[in-house]
Amino acid sequence: MTIPNLITIGRLFLVPLVIVMIVGANWDAAFILFVVAGISDAVDGFLAKRCGMASELGAWLDPVADKALIVSIYITLAVVGAVPVWLVVLVVARDLMIVAAVILSWLLDKPLTIAPIVVSKLNTAAQIGFAALALGSRAFGIELGSVALACELLVALLTVASMTAYLAFWLRHMAG
């Protein structure tokens, strides 16, 4: 058990806390906990890569924690009307498609390792940034107007681009 793995497990424990804060409209706490979770992701990644603390467990655990956080937060924000449902459907569909592709590849004896690509990293950053913006705007009482719409569209565009890139990668892998 490495320090980055412990940080990642801590991030997993933050997920239900953020959800409870959102559902209870405790926006300040939800925002702070979400930011802590985001910082913990950066810290565990830094320690794993730069300090030689990477592990096989961490390679599996970190993306699970990231997806648990993003998917849970987006669904919860949609339930309380803080983000549009169509965007949440798109975000969740992308993640389900990736998981389904990995499982299907494994079942067909063509195991596939998904590694983050540039568009995927941009997509994740945009998704986290937009969730933080949605939480922060409520925590600080800021009306975002057209900024929120622009961010929604950016997240949607990057999500579709990432989905398309992973689908193309998977199709090439399965054809090979």
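What number of residues in the range 34-69 are among the hydrophobic types (A, V, I, L, M, F, W, C) and open to solvent by less than 40 Å² (accessible area, probe 1.4 Å)?
8
Among Ile128, Ile142, which is assigned to a loop (DSSP other than H, G, I, E, B), open to solvent by 30 Å² or more (accessible area, probe 1.4 Å) and closer than 23 Å to Ile39 by Cβ?
Ile142
Listed here are the residues, each with its yes/no results for (1) modelled with pLDDT of 90 or more; (2) closer than 24 Å to Met163 by Cβ; (3) β-branched (Val, Ile, Thr).
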{"residue": "Phe13", "(1), (2), (3)": "yes, no, no"}
{"residue": "Leu17", "(1), (2), (3)": "yes, no, no"}
{"residue": "Ile32", "(1), (2), (3)": "yes, no, yes"}
{"residue": "Val36", "(1), (2), (3)": "yes, no, yes"}
{"residue": "Phe46", "(1), (2), (3)": "no, no, no"}
{"residue": "Thr76", "(1), (2), (3)": "yes, yes, yes"}
{"residue": "Ala82", "(1), (2), (3)": "yes, yes, no"}
{"residue": "Leu87", "(1), (2), (3)": "yes, yes, no"}
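So that you can scan it fast, the table gives a plain yes or no per residue for (1) within 24 Å of Ala42 (Cα to Cα); (2) touching a Leu at 6+ places or on another chain (Cβ under 9 Å):
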| position | (1), (2) |
| --- | --- |
| Ile73 | yes, yes |
| Ala78 | no, yes |
| Val91 | yes, no |
| Arg94 | yes, no |
| Val119 | yes, yes |
| Phe130 | yes, yes |
| Leu154 | yes, no |
| Ala161 | yes, yes |
| Ala168 | no, no |
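Can you work out which of the residues in the range 97-124 that are polar (S, T, N, Q) and in contact with a Phe, Trp or Tyr (Cβ under 8 Å, 6 or more places away or on another chain) is surrounded by the most Cβ atoms within 10 Å (Cβ to Cβ)?
By that ranking, first place goes to Ser120.
Restricting the search to the range 82-96, which residues are under 22 Å from Leu61 (Cβ atoms) and open to solvent by less than 90 Å² (accessible area, probe 1.4 Å)?
Hits for the range 82-96 are Val91, Val92, Arg94, Asp95.
Among the candidates Ile3, Ile22, which residue alone is surrounded by fewer than 16 Cβ atoms within 10 Å (Cβ to Cβ) and either out of contact with any helix residue (DSSP H, G or I) (no Cβ under 6 Å at 6 or more places or on another chain) or over 19 Å from Ala126 (Cα atoms) (or both)?
Exactly one of Ile3, Ile22 is surrounded by fewer than 16 Cβ atoms within 10 Å (Cβ to Cβ) and either out of contact with any helix residue (DSSP H, G or I) (no Cβ under 6 Å at 6 or more places or on another chain) or over 19 Å from Ala126 (Cα atoms) (or both), namely Ile3.
Restricting to the range 54-89, what's the tally of residues that are acidic (Asp, Glu) and within 19 Å of Leu158 (Cα to Cα)?
1
The values are calculated or read from the model by the stated rules, or taken from the named source; none is laboratory data. These numbers come from a predicted model, not from an experiment. Every residue, glycine among them, receives a Cβ derived from its backbone with ideal geometry; neighbour counts consider all protein chains shown. Side chains are part of the model used for accessible areas, which takes the heavy atoms of the whole protein and leaves out ligands, DNA and RNA. Shrake-Rupley method; radii C 1.70, N 1.55, O 1.52, S 1.80 Å.
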